[in-house]
Amino acid sequence: MRYGFAINVHRCVGCRTCTVACKMEFRLPGGVQRMRVLNDAGETTYDVPVGTYPDLAFHWRPVPCQHCDEPPCTQVCPVGATYKRDDGIVAVDEVACVGCGACVAACPYGARQMDPEAAVVQKCSLCAHRLDAGIDTTMCQLTCPNRAITVGDLDDPASEIARLLTTYDAELYEADAGTGPRAYYFDSSPRKAI
Amino acid sequence: MTERCSAAHVHSTVSRRQFVKAAGATAVAASVSHVLVPGARARGDEAVADPLAERLDLSAGQAPYDRVARTVCAPNCVGSCGINAYVKDDVIQKVEPAEYPDPAHRRICLRGISNAMQRVYSPDRVKYPMRRVGERGDGEFERISWDEAFDLIHEKMQGNMDAYGPASNAFLGMTGNYGVTQQKYCTMMANTFDATEFSNFGIMGDLAMNLAYLPTMNIMQEANEWEDMVGSKSIIMFGCNYAETNMQDMHFVFDAQEAGAKLVVIDPRFSRTAAKADWWIPIRPGTDAAMILGMMHRVVETGGVDEAYVRDNTNLAFLVDVDTGAVLRDGDSYLVWDESSEKAVPVAPIPDANKPAYPSVAFDPEMPAACVVPAMAALRGAHEVEADGKTVTAKPAYQLLVESLEPWTPEAASEVCEVPADDIVRLADLYVSEAPCSLRCSQGTNRYWNGHLPMRALIQLAAITGNIGKPHANVNWAGGTLFKILCCCSPDMLVPRAGHACQTLPGTQWVDIVASQQPNPVKLLWTVGYGWGTQGPEWNRVVEEALPQLDFIIVSEQIMTPGAMYADLVLPVTSYYEEPFEIVPTWGNMDIQVRHQAISPLWEAKTDREIAQGLCERFGILEETTWRLGAEEFGREYVLGRALAPEFSSIDFDELLEKGVSRANYPQPYVANEGQRFSTASGRVEVYTESQVSVGEQLATYYEPLESNRSELASQYPLTFMNCRTVYTTHSQHVQLPWIREVAPEPWLEMSPEDAQARGLRTGDVARVFNDRGWYKVAVLVTPEIKQGCLNQRQGWWPKDFPDGNHYGTLLQMVLNPAQDLVYETNYAPYDNLVEVEKA
């Protein structure tokens, strides 16, 4: 059992519904996002394409916690508040978290943010509360208008996520970081020749 | 008054950290006794909890709730998404997309989520009837009771009726709520009080495509179902930016692409949709029709015409008097040239029984022999024909069509539209070879003064190639049930008070009509579902010339909008979540949904229907009107029960109530015009429109936008000022919501690097944008996505969002187009404006 994301970048139009749905679910304060959608400048606002008119491209990349196999965040937490579950989810115990920010600095994906009001770290939990209760979608997956996000068990060959990853060539985001990220990115419809 | 409990208030008194430490992450609310918690609030005063002030206990997997209400979010985004509202103690805790019979239509977006959680509970909600006490526009109001409000409206309306006649009371409704009765509310109110109704379809700028469908097919709007694109070999989109404007339907485009369809997008901007295309073709704004004429030239030249289809299903075989442009007739029949007998022979119009009456698609499929166009009917040539006792030179309309295309070589078209001639040829060839091809046209083309021309040209292209009414092809704009149900409301429904009727005046001219008080005095204006002051044209004229002529302005609103600030009386209306019942159609599919109430009305909000009831009571007429009925009973008996199209009237209402969603009884899959009978006079696609001869538009044609960037005016104001939607908002409804502002913080003006450099502007600089009509200021975003010579100010922002509170609406023209008025009504053309920009 090993949960992960398969994210179809062709279907992402940068609408940030995932960001907002996640904010609703977790009541995140202003500016804090567990699920960021990065544009070509690596920002979450004011999207501008790359290139020169008319040779242009827009890219958007939803970036949740990558739920790494070798998460550096867990190693730097002084109180063991962030930990990897047996099912692959990197979780945070908010009661134990002392808000020191060490994990924020350690994450190569910028997937962790300090919650200035609660003084705890905020990060994607892969909606473990839902999965644990038998609800088989994360909020970002459920709400994505374009069905760009799939969550599932990477170890289950019968899962939808496994089907997607055998159908399409998927890449890891900044795999060089060496943390074993488990969010896969693929393009379901590369530009066709006309 | 009780201090409002806002999220900010809670956060400043008790930090989240204290929440977490004191109670654990799972039991926050109960630990904070001095904070208003759900259930502790009282309706009718200001103490309504902000649901976002509390963290949720998610330990059970779902936000705590005591019930789930299925309702419909429909803020004129075209989607009408079914929503499950998780409600606890009468407060919405969260929303999710509701289950849907076809899971492809189970969806939601950031706008709907933010609306439910932040607009419904906004501190800016209109909470009580509010009477103006300061100057108009100053925003100073006093709370009054509903009794006082109804008395005041009654006094003002009755006074106007006595002094100026009932037409001096005017209603203008817009589309802020897609419920059927909400969309027809102002018609119904105006009919009740013999008032003036300003039509809304032109002033909202959505009419131009209809202005092409109406003369050719006598329908308002059509499209195959979205799923139909799976199976298309190619999809060609003119001015469609579905990724932003139809974000809830864009996934069907992706489905089609994954199934192999090639997507071509024609747009001056590298839109989010263009970014997903296999081929993006940049074009000079407002010139799509010229490009399509060039494509048609190529199609005709290369033998891509489906002559059998043209002969059987269009009026292009009909003979036309070359001197007058009139279609020749023999009695009621048209004439065609029979090449076997070498004479003109009659073809009768298809009888009403044998063609559908839009929006119904039902008809008796028999084709009377007299209506059949002979197989030997000529499409080309010139013939001497006896008509009305004299000999005239006549040509088949198709011959005139071919002649009209002669000047439109791809090279000539290229000179106009700035698309290379080779690309025009390549696209024309792709349209023929990569069939079936789904032709699609949308608002990007529609919002120029000549905005009906591209769709008109596409209808002609689809007709001569035999692609109308075909699966995975067709010529598509907006489908679904939304317009269909609005077009088949029965008079019984629309006239709540028998024997009384409104006068309808064109909304595109409301400023002129009110300013001039012609053709009749208009002293009271009541707007409903309309966030005016954020998108409309001629804002300076609205404020300086029209509003001063009005003795009384009533705005029914949920939020204190810019328009509401100018009201003399603001009435609080319910959000979708508070409505007891409503029937909601959609542009997204062939379904109808119903809203069930999710929460009680907040503060003193009433539904529009309740407001009508209260007023009718004051006038002593409630019992003689259908306003006396409850929303559900009215929906059952009148909205659906008496709908003129059997596809709607046959919906099982009880099943709809139970399930929340039912398909209207249209064929599935739905292919628009699949029956190949049309509700035109001839029963055929009238590619040749005799009714448009006087304006030279009997066939597809092209002329420049009103403020063309090649006009003389362009030497002074060289930049075309577009105002497209964003993916983050629907018009003005969502821009003030905190979550929306987190992803779209402030307005920005998209400007090409070349244009910015020439004016010494960089990203973040504040620019002054101006023309002879007005000016506003905004921060510049230099971006290569926009064609040099064009600007794009994303629409929906409020005046207060711009420096000095000056809105770009001051720049926008509202000039009538006689050709459009001849069909129906001019379409407001908000992109057809030239401006100049300087560093502020």
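The values are calculated or read from the model by the stated rules, or taken from the named source; none is laboratory data. Computed from a prediction, not measured in an experiment: that's the story for all the values here. Cβ coordinates were reconstructed from backbone atoms using ideal geometry, including for glycine residues, and neighbour counts include every protein chain displayed.
Observations, loosely collected:
- Qualifying residue in the range B:716-739 (condition: closer than 20 Å to B:R311 by Cα and at pLDDT 95 or above): no
- Residue within the range A:153-166 that is charged (D, E, K, R) and either facing another protein chain (nearest Cβ under 9 Å) or within 23 Å of A:G42 (Cα to Cα) (or both) present: no
- Number of positions in the range B:614-665 that are among the β-branched types (V, I, T), more than 26 Å from the chain's Cα centre (by Cα) and either more than 30 Å from B:W146 (Cβ to Cβ) or not in a helix (DSSP H, G or I) (or both): 2
- Any hit, the range A:64-71, residues being farther than 30 Å from B:I281 by Cα and surrounded by fewer than 22 Cβ atoms within 10 Å (Cβ to Cβ): yes
- Residue pairs whose Cβ atoms lie under 7 Å apart, sitting 6 or more positions apart in sequence or on different chains, and linking a residue in the range B:658-681 that is assigned by TED's automatic domain parsing to the domain that holds B:D228 to a partner that is modelled with pLDDT of 95 or more and of a type in the set (S, T, Y), do not occur here.
- Those helices (runs of 4 or more DSSP H) lying entirely in the range B:226-326 with at least 3 residues in contact (Cβ under 8 Å) with a residue 24 or more places away in the chain and within 24 Å of B:H452 (Cβ to Cβ): B:242-245, B:288-301, B:307-313
- The listed residue being assigned by TED's automatic domain parsing to the domain that holds B:D323 and surrounded by 13 or more Cβ atoms within 10 Å (Cβ to Cβ), out of B:K390, B:K355: B:K355
- Failed item in (1) surrounded by fewer than 24 Cβ atoms within 10 Å (Cβ to Cβ); (2) within 14 Å of chain A (Cβ to nearest Cβ), with B:A261 passing the rest: (1)
- Within the range B:689-735, the set of residues being farther than 28 Å from B:R794 by Cβ, assigned to a loop (DSSP other than H, G, I, E, B) and among the small types (G, A, S) comprises B:G696, B:A700.
- 2 or more residues in contact (Cβ under 8 Å) with a residue 12 or more places away in the chain and either within 14 Å of chain A (Cβ to nearest Cβ) or over 30 Å from B:Q503 (Cα atoms) (or both): qualifying strands (runs of 3 or more DSSP E) within the range B:60-178: B:67-73, B:81-88, B:91-97, B:141-143
- Summed over the range A:167-194, residues that are surrounded by 16 or more Cβ atoms within 10 Å (Cβ to Cβ), small (G, A, S) and more than 14 Å from every other protein chain (Cβ to nearest Cβ) total 3.
- Here the condition is being more than 24 Å from the chain's Cα centre (by Cα), closer than 23 Å to B:G635 by Cα and modelled with pLDDT of 95 or more; of B:P548, B:P496, it holds for B:P496 alone.
- Residue, nearest to the chain's Cα centre (by Cα), within the range B:411-445, restricted to residues that are within 14 Å of another protein chain (Cβ to nearest Cβ) and among the hydroxyl-bearing types (S, T, Y): B:Y431
- Filter pass, B:V253 being over 29 Å from B:Y831 (Cβ atoms), outside the structural domain of B:G381 (by TED's automatic domain parsing) and β-branched (V, I, T): no
- Residue, nearest to B:I621 (Cα to Cα), within the range B:194-235, restricted to residues that are in contact with a strand residue (DSSP E or B) (Cβ under 9 Å, 6 or more places away or on another chain) and among the charged types (D, E, K, R): B:D194
- Of the residues making up the range B:251-261, not a single one is closer than 21 Å to B:T445 by Cβ, under 17 Å from the mean Cα position of the chain (by Cα) and not aliphatic (A, V, I, L, M).
- Among strands (runs of 3 or more DSSP E) entirely within the range B:737-782, having at least 3 residues that are more than 9 Å from chain A (Cβ to nearest Cβ) and crowded, with 17+ Cβ neighbours inside 10 Å singles out B:766-770, B:775-782.
- Residue selected from the range B:540-555 under the condition in contact with a helix residue (DSSP H, G or I) (Cβ under 6 Å, 6 or more places away or on another chain) and not hydrophobic (A, V, I, L, M, F, W, C), by the criterion farthest from B:H734 (Cα to Cα): B:Q549
- B:T726 meets each of the listed conditions (1) closer than 24 Å to B:R284 by Cα; (2) touching a helix residue (DSSP H, G or I) at 6+ places or on another chain (Cβ under 7 Å); (3) away from chain A (no Cβ under 12 Å) apart from (3).
- Scan of the range A:1-56 for residues that are in contact with a strand residue (DSSP E or B) (Cβ under 9 Å, 6 or more places away or on another chain), closer than 19 Å to A:C127 by Cα and assigned to a loop (DSSP other than H, G, I, E, B), ordered by number: A:M1, A:R2, A:R16, A:L28, A:P29, A:V32, A:Q33, A:R34, A:M35
- Filter result (facing another protein chain (nearest Cβ under 10 Å) and crowded, with 18+ Cβ neighbours inside 10 Å) within the range A:96-121: A:C97, A:D115, A:E117, A:A118, A:A119, A:V120
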